[in-house]
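The block underneath contains the structure these notes are about, expressed in structure tokens.
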Amino acid sequence: SVPVEWIGRRVEVRETKDQIEMQLDARHVVRHRRIAEAEHQRITLAEHRPPRGQRTPRPDPHPEEHAILTTAPELAEYVAALKQRSRKVITLALRQLLRFVREYPREPLLGAVREAARYGLYDLDRLERMILRRVTREYFLLDRGPEEDD
């Protein structure tokens with residue numbers, strides 16, 4: 001383990017018979033005694049754990065969220081509500097919504113999202129069916145015979 005502040009930074013690791021040494025720079029070195037039985041196990045020293053209840057906030061939104069809002073800023077409210085109410089892991093839900101934004105025509109997508117938001121619907125599989133129903137009606141117009149006209 002290394003101090004919490006080092007997470008995400010490149011360190012140099014040296015391994016000897018008795019210890020493992022991790023070095024961030026010339027002044028910051030962490031040494032651990034080697035434990036022979038701990039092969040393929042994770043051992044974290046107590047001083048390397050983050051303070052209880054103090055989690056660092058995520059600095060940037062998910063990359064998928066950023067891509068969605070860049071492409072379709074109209075979905076900002078739906079994305080915020082989806083993050084709070086979705087039953088899926090939020091990363092997977094955002095990836096699925098990003099796929100909708102990239103694959104489906106804009107108007108059926110926005111219409112389905114507006115309708116889903118109005119009814120508090122955040123099940124993305126059902127949202128996709130709503131989008132497909134709109135795409136089918138608006139984009140795949142078939143010639144109807146005189147007996148089929150309503």
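Figures for the structure shown
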{"item": "Accessible surface of Asp123 - all protein chains present, 1.4 Å probe, nearest 10 Å²", "result": "70"}
{"item": "Probe 1.4 Å, protein heavy atoms only - accessible area per residue of the chain in square angstrom", "result": "80"}
{"item": "Sorted largest first, extent of segment 4-48 alpha carbons per principal axis (Å)", "result": "28, 20, 16"}
{"item": "Angstrom value of the Kirkwood radius, inverse mean 1/r, which spans all Cα pairs in segment 63-140", "result": "12.3"}
{"item": "FRET efficiency, 1/(1 + (r/R0)^6) with R0 30 Å, evaluated for Trp6 and Ala76 via beta carbons", "result": "0.30"}
{"item": "Kirkwood-type radius of the chain, with distances r between different C-alpha atoms, in Å", "result": "20.1"}
{"item": "With at most 13 neighbouring Cβ atoms within 10 Å, loop GluC sites (Glu not before Pro) (DSSP) excluded, longest segment of the chain", "result": "40-146"}
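The values are calculated or read from the model by the stated rules, or taken from the named source; none is laboratory data. Given the structure is predicted, the values throughout are model-derived calculations rather than measurements. Quick reminder, even Gly has a Cβ in these numbers, built from the backbone with ideal geometry, and neighbours come from all protein chains shown. Quick note on the areas: whole protein, heavy atoms, side chains included, nothing else; ligands and nucleic acids left out. Shrake-Rupley method; radii C 1.70, N 1.55, O 1.52, S 1.80 Å.
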